[in-house]
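The values are calculated or read from the model by the stated rules, or taken from the named source; none is laboratory data. Keep in mind it's a predicted model, so treat the numbers as computed, not measured. Because the Cβ atoms are built from the backbone with ideal geometry, glycine has one as well, and the counts that use them run over all protein chains shown.
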Amino acid sequence: MKHDTLDFVGDGDDSDLVDWTMATFGIKLEDHETADTRTVGQFYDLVRHKIGQSSAQACLTQKAFYRLRRTFAEMGFAGPITPKTPLDALVPKGRAIAKNWLEISQRSGLALPHLETRWPAPLLRWRERFRSNWIDRLLFGATAAAVAPLAIWAHSAFNWSFGWTFLGLTSLALGLSAVFGILLRGIPRRIVTVGDLAKEAAGQSFTALRTGPNHHSSHDVWQAIAAIIRNVCGHKGPITRDTTFFRTQSKS
């Protein structure tokens with residue numbers, strides 16, 4: 001069974017999580033309080049304890065939804081919009097996705113989750129299954145191995161410097177991969193409906209949406225913590241209470 005982990009490696013991402021959380025919720029987290037925190041659920045419970053009871057009558061997700069509904073109406077969508085309305089019906093795809101996403105954010109005043117590279121499903125499943133700290137180095141090595149024969153051929157055919165040719169071709173290949181990734185950008189697969197987007201936007205915009213220190217729900221706190229985690233480490237998969245920060249039980 002696959003271990004549900006964020007794969008923090010202790011290179012500052014755990015400190016960034018704590019710092020960002022303190023700034024978002026206006027609380028103080030001591031080192032001894034976070035030392036034994038291994039799962040997202042434990043971290044959430046700690047934050048909830050620090051915040052205290054909520055006095056919110058309506059959750060921030062509802063506020064985010066109302067803003068999004070008004071925004072889509074302003075952008076020309078005439079039909080009824082409910083939390084179950086598919087985003088595919090509202091947000092045009094293609095090269096203009098980044099521009100559309102930015103317009104939605106600016107009109108609504110909400111911070112939206114980052115667009116993600118929409119890899120083909122088989123490749124996405126492979127990446128998620130074998131995701132680890134060495135995957136990027138493996139991909140770089142595979143790219144270098146692929147261009148090495150071209151560098152050898154250019155060196156023998158044109159008497160080009162092998163080192164500079166190899167470096168240039170590798171850089172070109174990685175650059176084209178980056179451009180390809182940008183062209184494949186789209187809405188994260190976990191966000192399907194307007195309701196899904198409202199949840200994510202509420203988490204991303206927690207500080208801006210609440211009108212007082214206790215004007216939020218427990219659900220809002222969870223969404224905000226999930227948003228902070230995604231911003232810190234770029235995690236794209238589901239986040240549950242049992243999700244661990246580190247693959248092993250020790251931070252060392």
- What are the residues in the stretch 19-68 that are among the polar types (S, T, N, Q) and either under 17 Å from residue 207 (Cα atoms) or out of contact with any strand residue (DSSP E or B) (no Cβ under 9 Å at 6 or more places or on another chain) (or both), if any? 21, 24, 34, 37, 42, 53, 54, 55, 57, 61, 62
- Residue ranges of helices (runs of 4 or more DSSP H) in the stretch 21-108 with at least 2 members in the same structural domain as residue 230 (by TED's automatic domain parsing) and of a type in the set (Val, Ile, Thr): 40-51
- Task: Please indicate, with yes or no, whether at least one residue in the stretch 218-228 is touching a residue at least 24 places away in the same chain (Cβ under 8 Å), buried (at least 23 other Cβ atoms within 10 Å of the Cβ) and among the acidic types (Asp, Glu).
- Result: yes
- Could you list, in sequence order, the residues of the stretch 48-88 that are of a type in the set (D, E, K, R) and either modelled with pLDDT under 95 or surrounded by fewer than 13 Cβ atoms within 10 Å (Cβ to Cβ) (or both)? 48, 50, 63, 74, 84, 88
- Task: State whether one or more residues within the stretch 184-196 are of a type in the set (Val, Ile, Thr), modelled with pLDDT of 80 or more and surrounded by fewer than 18 Cβ atoms within 10 Å (Cβ to Cβ).
- Result: yes
- For residue 156, the lone unmet condition from (1) surrounded by 12 or more Cβ atoms within 10 Å (Cβ to Cβ); (2) outside the structural domain of residue 97 (by TED's automatic domain parsing); (3) of a type outside the set (Val, Ile, Thr); (4) at pLDDT 70 or above is (1)
- Message: Can you tell me which residue is modelled with the highest pLDDT among those in the stretch 162-176 that are in contact with a helix residue (DSSP H, G or I) (Cβ under 7 Å, 6 or more places away or on another chain) and not aromatic (Phe, Trp, Tyr)?
- Response: 165
